[in-house]
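This report refers to the structure that appears directly beneath it.
The values are calculated or read from the model by the stated rules, or taken from the named source; none is laboratory data. Just so we're clear, the structure is a prediction, and the values are computed from it rather than from any experiment. Here the Cβ positions follow ideal geometry from the backbone for every residue, glycine too, while neighbour counts run over all protein chains shown. In case anyone asks, the SASA skips ligands and DNA or RNA and just uses the protein heavy atoms, side chains included. Shrake-Rupley method; radii C 1.70, N 1.55, O 1.52, S 1.80 Å.
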Amino acid sequence: MDLIELEELIVLRNLLEDEVIRALMHDGTDKAIRMLVERAELFGMRGNLIRCWLIRLLTQQPNLVSATMERSRGKIGDSLKKLFINDLEKLMPLLNETSHKRMIIYNYKPTIERKIVNQSDLDALLSRAATSKQVADALIEYYRRFGYGDIASYRAFKWSSGNLVGIEHFDDQNFDDLIGYDHQKKLLIENTEAFLDGRGANNVLLVGARGTGKSSSIKALVNRYYERSLRLIQLMKPQLSELPSLMENLRQYPSRKFIIFLDDLSFEESEDEYKLLKSSIEGGVETRPSNVLICATSNRRHLIQETWRDRQDGQEELYKDDSVNETISLSDRFGLIIHYYAPNQDEYLAIIQHMLEKNGVALDAEQLRLEGVRWEMTHSGRNGRTAQQFVTSYLGRK
């Protein structure tokens, strides 16, 4: 392959920094093959490894086109697009190489195949692309729908050492598995759709009994609206001091929408972290980015532990109303508060029945009631988590 023209790349010049591309251009076929096979086994690439690796670079590594489209909410100028097409024309020999089809790297089968998220969508777009313009159109559509890099590949992230780290094994939760709570789901979905449409949307506090599906509802949202650019960032309570840095980081991706997820949130009276959260949500000098929504779950309505002493006339503080207002001021920052109540017995049994049927098991009504109620009485009450534990135990006995 004559790849000397790659030295003339303009908007995709970052590809020249990749050691596989450099090996193909300068170091001979043997070194390039060894490196491609190593990456095929690491990333589970299948088929034409040169094509697979190049597509991976174009989708996972930032380039001038993908980064510009992210900042401009999916737009690309005519001049930049022409340069993009010209660069892809120089890459077409790598994408469509056919002269050595008998070599194993053109029909490679990895030990463990792993497709990147959206690979099927991209494959479908590229399968109809025969010219550099058509390849450019396919990649532009991909950048517009999903972004690039980890933002395109993962639904959920954790915040670690100032970086977003993709969660590879994210819970495949959906709303159909959350039995009951129709009103709660309706409120949550309506608020999220307003957020995605750029309309007014409130930060959300899901509060109520343990095991009732509060966290599952947030996960289901992300799975449902991932293709509409919704992503989840999980932040732990000890990381609340990093919330301003996280939100500043998310400003770099105006084409995506993010839920910052604070799970099982509560504070003791002596903890001051809640003041950081209050300021970040509302009241600080810097506004919350328009592409960020904060969702929290808690077993406490007011998030901060409150005692009867706080309401007694004999307490030491001179202005007791100030103390009470301080206690409830954090939850007031959440414009939408959704209550999740413990299910009644019929709802609890319906949850069990749904989970069993998903696993191909059908119990008659009487047996379901006897075994489900017996399990509830010897465990931590009636809720979705208890129902899941019963199903796990029942299936384990089969």
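Taken over the stretch 36-176, lysine pairs spaced eight or more positions apart, or on distinct chains, with alpha carbons under 29 Å apart number 18. The Rg/Rh ratio for the stretch 104-222 is 1.07, where Rg is the radius of gyration of the alpha carbons and Rh is the Kirkwood radius. Using the alpha-carbon centroid of each, what span in Å lies between the stretch 358-394 and the stretch 24-84? A separation of 50 Å, based on Cα centres. Maximal additional length on extending the Arg228-Gln134 stretch stands at 31.5 nm, based on 0.36 nm per residue less the C-alpha distance. Ignoring ligands, DNA and RNA, please state the percent of accessible area on the stretch 118-180 from carbon and sulfur, probe 1.4 Å. Summing carbon and sulfur atoms, their accessible area is 44 percent of the total for the stretch 118-180.
For the stretch 1-98, taking Cα atoms only, Rg and Dmax work out to 14.0, 42 Å respectively. With protein chains left intact and a 1.4 Å probe, residues in the stretch 1-87 average 51 Å² of accessible area per residue. Placing +1 on the Cβ of every Lys and Arg and -1 on the Cβ of every Asp and Glu, with no other charges, gives the stretch 197-238 a dipole of roughly 140 debye about its Cα centre. In the context of the full set of protein chains, the stretch 133-263 has a per residue accessible area of 41 Å² (1.4 Å probe). Measure up Lys186/Lys358; Lys214/Lys237; Lys186/Lys214 against 20 Å on the Cα-Cα distance and list the ones that go over. Violating the 20 Å Cα-Cα cut-off are Lys186/Lys358. The orientation-averaged shadow of the Cα convex hull for the stretch 201-267, equal to a quarter of the hull surface, comes to 5.3 nm².
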